[in-house]
Amino acid sequence: MDFIKETQRRRTFAIISHPDAGKTTITEKILFQGGVIREAGEVKGKSGTKAATSDWMTMEKERGVSITSSVMQFDFQGLRVNLLDTPGHKDFGEDTYRTLIAADSAAMLIDAAKGVENQTRKLYEVCKLRKMPIFTFANKMDREGKEALEIVDDVESTLGITCFPVTWPIGMGDLFAGLYHRIENKVYHFTKGQEAPEVIEVSSWQDPKIKELCREPFVYDKFLEEMELLEVALAPFDEQEFLEGKISPMSFGSAKFNWGVDIFLKLFAKYAPGPAPRKTRSEEIVEPTLKKFSGFVFKIQANMDRKHRDRVAFVRVCSGQFLRGMKVSHVRLGRDIRLSYANQFMAQDRATVEEAFPGDIVGVTDTGNFQIGDTITGGQKWMFPDMPRFSPEVFAKLNIKDPLKRKQMQKAVLQLGEEGTVQIFVDPFVGIQDPVIGVVGELQFDVLLYRLNDEYGLNVKLEKQPFSVARWVVSKNKEQPTAVGKTIKGGTLYKDISDNPVVLLNREWDLRWLEKENPELEFKSTAGLE
Ligand code: G4P
């Protein structure tokens with residue numbers, strides 16, 4: 001197989017959205033277009049399982065289902081597309097941030113009735129920091145929602161990105177007549193209950209044929225009015241600005257009725273970039289087309305098989321060809337390991353993978369060697385940047401009645417920390433035996449307790465801590481950094497799982513005091529995102 005050709009045809013992306021915007025629905029439609037599934041309703045275990053705790057537990061029990069939807073691969077117009085799934089619940093935001101690091105572009109899905117919602121805004125921030133190219137899809141046009149111009153304005157003013165509408169809706173809700181494609185000069189006329197649209201060639205947006213498609217004159221008048229405004233206001237599409245994440249090609253549609261999903265996919269196929277070069281911690285640029293293999297772990301899914309307590313580490317291939325059974329260098333551990341069992345995921349099927357290329361994701365069986373953020377290479381000492389960590393908002397210590405089980409609890413918590421389920425903070429004077437656990441949302445604690453009980457047989461109680469903020473401590477002076485020692489003036493210094501110094505505060509306000517006491521230090525709300 002031609003390595004360069006295979007690399008260049010890879011496209012790896014993730015969909016970001018607020019819960020309920022329609023991510024599961026559009027994923028299903030995309031997979032359908034990609035020929036992976038033959039019938040709607042095949043992507044199981046998602047709809048309705050994300051909001052309630054008990055449902056999440058059920059989902060976890062059916063882990064075979066949730067894992068297979070972690071990465072979905074399909075071919076479209078000669079491209080090999082990897083769609084990375086991102087958990088929908090807000091408490092699992094961190095997982096989503098890490099998934100975004102493994103992607104090369106993102107599609108932002110917006111509920112047209114609600115505009116930009118909170119979770120989308122937070123996820124978009126990560127895309128922005130990484131200057132990721134981003135597509136926008138305004139969903140649920142089959143319902144009455146915000147005016148299309150209002151959605152554009154909302155995206156632009158809330159996120160500070162410029163939208164470039166590629167399609168423009170003609171009406172909405174019951175009066176939705178279709179989409180005008182500004183580049184193709186075509187109208188896609190949709191009818192409920194009819195899967196494929198009628199595609200009509202038009203001379204321009206002013207073509208009278210469009211009027212005939214509108215059931216009410218005001219729908220047409222409005223379309224004309226909006227198009228007039230757009231044509232005056234919009235500059236031509238600048239691909240470079242898109243690649244830098246400054247301008248987002250925008251399309252409209254309805255995932256539920258499969259309206260505009262194919263248009264989105266074609267747009268994606270045309271503009272989405274292939275595997276991006278990755279920078280190492282020492283600022284070396286690793287080009288995807290380099291023959292030397294490299295990749296990093298962005299997700300760990302544990303205890304797939306309860307009997308063996310093994311885990312699957314998801315590796316994003318960054319350069320070189322991956323071959324099953326290959327020996328790689330585990331850079332953090334400084335030793336070689338053999339990747340014997342590797343899987344690739346295709347909708348519901350888990351297939352053994354013989355080879356993979358940059359942009360692909362492989363799941364390798366792990367017996368405890370991997371942490372999130374680990375780099376593996378074909379021998380080079382490269383290390384890709386640590387995964388970003390965000391300040392938890394809820395903190396607790398763990399309490400176990402049986403003192404004989406304390407050691408086992410520590411080990412289990414450390415394992416779950418490595419997987420990124422929770423964050424662990426250790427007071428260097430106390431040690432790992434009594435860590436503080438931090439989570440972004442309470443649901444993560446429910447999951448932690450459930451898993452400690454279910455997988456490790458430990459009956460653990462939470463002891464809530466008064467903290468609500470974590471700040472990573474770094475020197476302000478980058479050239480000659482001040483060493484951050486074991487103590488800090490006016491506070492207690494903890495270490496996170498990667499040994500980075502952190503302070504835990506009861507209130508964000510307390511930070512002012514610390515900043516005053518330690519003017520040479522900076523207190524950052526994230527780690528690993530520069
Ligand atoms: P999520 O993964 O982003 O959380 O959203 P999901 O696809 O589960 O969709 C959330 C709800 O929105 C679902 O309704 C789904 O049918 C609906 N939906 C998705 N896309 C569209 C669309 O384009 N138009 C309309 N009108 N609705 C859409 P539900 O009532 O929760 O479930 P269901 O009974 O319809 O499956």
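A compact table of results
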{"read-out": "Taking N as its residue count, the alpha carbon Rg of the range 445-497 over 2.2 N^0.38 Å", "value": "1.74"}
{"read-out": "Estimated distance in nm for a label pair at N118 and S498, the labels positioned 7 Å out from Cα along Cα-to-Cβ", "value": "2.7"}
{"read-out": "Nearest 10 degrees, 0 to 90: helix 118-129 Cα axis against the chain principal axis", "value": "80"}
{"read-out": "Equivalent ellipsoid semi-axes, the range 413-472, via Cα gyration tensor eigenvalues times 5, rooted, Å", "value": "19, 14, 11"}
{"read-out": "Inter-probe distance in nm under a simple model that places probes 7 Å from Cα toward Cβ, at A196 and E283", "value": "5.6"}
{"read-out": "Net charge dipole size for the chain [Lys, Arg +1 and Asp, Glu -1 on Cβ; Debye, nearest 20]", "value": "2200"}
{"read-out": "The range 451-530, accessible area per residue, ligands and nucleic acids excluded (1.4 Å, Å²)", "value": "58"}
{"read-out": "Trypsin sites (Lys or Arg not before Pro) within the range 213-283: DSSP coil, no more than 14 neighbouring Cβ in 10 Å", "value": "R215, R281"}
{"read-out": "Estimated inter-spin distance, L129 and Q480, nm [label 7 Å along Cα→Cβ]", "value": "3.0"}
{"read-out": "Cross-link pairs K122/K146; K407/K495; K464/K495; K401/K489; K128/K299 - those with Cα-Cα distance over 28 Å", "value": "K401/K489"}
{"read-out": "Accessible surface of the chain [probe 1.4 Å, protein heavy atoms]: carbon and sulfur percent", "value": "50"}
{"read-out": "Debye equation applied to the C-alpha atoms of the range 391-530, log10 I(q)/I(0) at 0.11, 0.14, 0.17, 0.19 Å⁻¹", "value": "-0.42, -0.65, -0.91, -1.09"}
{"read-out": "The chain, Rg to Rh (Cα coordinates; Rh as Kirkwood inverse mean 1/r)", "value": "0.99"}
{"read-out": "Mean Cα-pair separation over length for the chain, i.e. relative contact order, pairs under 8 Å, 6 or more apart, %", "value": "13"}
{"read-out": "Rounded to 10°, Cα long-axis angle of helix 23-33 versus longest principal axis of the chain", "value": "60"}
{"read-out": "Cα-only radius of gyration and Dmax that characterise the range 155-278, units Å", "value": "15.3, 53"}
{"read-out": "Sites excluded, chymotrypsin sites (Phe, Trp or Tyr not before Pro) in DSSP loops with at most 10 other C-beta within 10 Å, longest stretch of the chain", "value": "1-428"}
{"read-out": "Residue-span extension gain [E150 to Q433] - 0.36 nm each, minus C-alpha spacing", "value": "96.5 nm"}
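The values are calculated or read from the model by the stated rules, or taken from the named source; none is laboratory data. Remember, it's a predicted structure, so these values are computed and weren't measured experimentally. When we count neighbours, we look across all protein chains shown, and the Cβ atoms used for this are built from the backbone with ideal geometry, even at glycine. Note: areas computed on protein heavy atoms with side chains; ligands, DNA, RNA excluded. Shrake-Rupley method; radii C 1.70, N 1.55, O 1.52, S 1.80 Å.
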